[in-house]
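The values are calculated or read from the model by the stated rules, or taken from the named source; none is laboratory data. This structure is a prediction, so every number in the text was calculated from the model and none was measured. No Cβ is skipped: glycine too gets one built from the backbone with ideal geometry, and neighbour counts run over all protein chains shown. Ligands, DNA and RNA are excluded from the accessible area calculation, which covers all protein heavy atoms including side chains. Shrake-Rupley method; radii C 1.70, N 1.55, O 1.52, S 1.80 Å.
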Amino acid sequence: MMPEQRSTARPLVDEQATTPAVFETISDAQAFDRLEVNGWDDLVRAMRRPSPFMLHAWLSLWLKIEGKDARPAVQVAFRGDRLVAALPFVVQRRFGVKVGELMGGSCSPLGDLLMADGEPDETGHALLARARDGEQQFVDIFGLPGESRLSALLPAAELQLIRRVDAPVLDLSEGWADVYKAKTSSKTRNLHRRRRRQLSELGDLEVSVARTADDLDAAITDCFRLHERRWAGRPDGSNFGTPDGQIFHRAAIRALAASDVPRIVMLKLDGRAIAFHYYLAFCNRMYVHRLAFDPDLGRYSPGLVNTLDAIEAAADEGLTFVEYLGGAERYKADLSDGRDPLYQGIGMIGSPVGKLGAMTHVGVIEARKRMRDSKALRSFYFERLAPAHRAVARLRSKRSHRTDPS
């Protein structure tokens, strides 16, 4: 079914296209749902750096669960019945300021302007021009790839890019055995074997890979438990431990399982989960999403052992590239070919209030970066404030239980 209320704007005709482009603004979740049949996921596969977090099922569930307070402002272009470009914006209020974001927010790294292969830049410019006329007063886009279409089509003065995530990457095309040997020393490999042996001496050690909807649904319950134990009293910037976040991820893995995208690699000791590695397999790539381990066993490095198992499992099924999508922790740096950073884009100012909001937001980001780079401040934030973090987490949990209609 074609979306309703098509724009009356004059169609754009490109020399490469025989059918003129017709533009529309999608402003509700029901209209967004209808875009699935028009080829949304084909646009995702055509991305320069394909992101499974831009898949229609992922975004649709985020909009209904995590993004309940966001208003869709998705700009799309059609040629006939075929969707050829999309800018998946939503608008949310922050301290009274209307802020435009890519749908999925921080849950959807590598988000970008989506365009079909061969679609001219003029179509992207038209979508951006329509977005400028929207209600947002500035945009805040987290997780942009370094060579994003969005930043390439916007004037440099219109979008300030701030490097936020190192995002190491690893080429697996030579096979895991050869890559692992090339990236590690014999001393490091001996340490890894010793850690696995030490764990196996504590009981029966087992590695499992969940791929079906039912197996994933069972495994993610253990993931939530381990994540809570790992991050208890420590600041966790993800949504994985929140009530809505858990509802979202449980629904998302079940929905994406139909396309064989989610994986949960679990390390168990005597049948009890002690580490997990949750990733998405898409376009021959492994996208690391969440991982955690039992802190009581931290001296045996179960998280590292489980990560090695996960990368091996990915290579065994034919995935040829790893997107870590996180910081440059030691184990990632050792098992990577370099970094392909993610950025936060702030700009497209639409009003004086938006300019002030954007400037304030940039200042907060820079302050956080300085804190992250300071060992003393990091120690204070992660260790000294741990009791306060635990108290806030307990308060949020109680509020969630009080407001849960079930």
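Observations, loosely collected:
- Qualifying positions in the range 188-238 - among the basic types (Lys, Arg) and out of contact with any Ser or Thr (no Cβ under 6 Å at 6 or more places or on another chain): Arg189, Arg193, Arg194, Arg196, Arg197, Arg211, Arg225, Arg229, Arg230, Arg234
For every residue, the table says whether it meets (1) open to solvent by less than 40 Å² (accessible area, probe 1.4 Å); (2) hydroxyl-bearing (Ser, Thr, Tyr).
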position: Ala292; (1), (2): yes, no
position: Ser301; (1), (2): yes, yes
position: Asn306; (1), (2): yes, no
position: Glu329; (1), (2): no, no
position: Lys332; (1), (2): yes, no
position: Ser336; (1), (2): yes, yes
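- Strands (runs of 3 or more DSSP E) fully within the range 1-88 counting 1 or more residues that are in contact with a Pro (Cβ under 9 Å, 6 or more places away or on another chain) and at pLDDT 95 or above: 21-26, 74-79
- Members of the range 240-283 that are of a type in the set (S, T, N, Q) and either buried (at least 19 other Cβ atoms within 10 Å of the Cβ) or touching a strand residue (DSSP E or B) at 6+ places or on another chain (Cβ under 7 Å) (or both): Gln246
- Qualifying residue in the range 110-127 (condition: open to solvent by 30 Å² or more (accessible area, probe 1.4 Å) and either touching a Lys or Arg at 6+ places or on another chain (Cβ under 7 Å) or aliphatic (A, V, I, L, M) (or both)): no
- Residue in the range 91-98 that is open to solvent by 10 Å² or more (accessible area, probe 1.4 Å) and in contact with a Ser or Thr (Cβ under 6 Å, 6 or more places away or on another chain) present: no
- Helices (runs of 4 or more DSSP H) fully within the range 143-208 that include at least 3 residues being in contact with a strand residue (DSSP E or B) (Cβ under 7 Å, 6 or more places away or on another chain) and under 30 Å from Arg368 (Cβ atoms): 149-153.
Here is a yes/no grid of residues against (1) closer than 16 Å to Leu325 by Cβ; (2) assigned to a helix (DSSP H, G or I); (3) more than 21 Å from the chain's Cα centre (by Cα):
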| position | (1), (2), (3) |
| --- | --- |
| Met266 | no, no, no |
| Val288 | yes, no, no |
| Leu291 | yes, no, no |
| Asp296 | no, yes, yes |
| Glu312 | no, yes, yes |
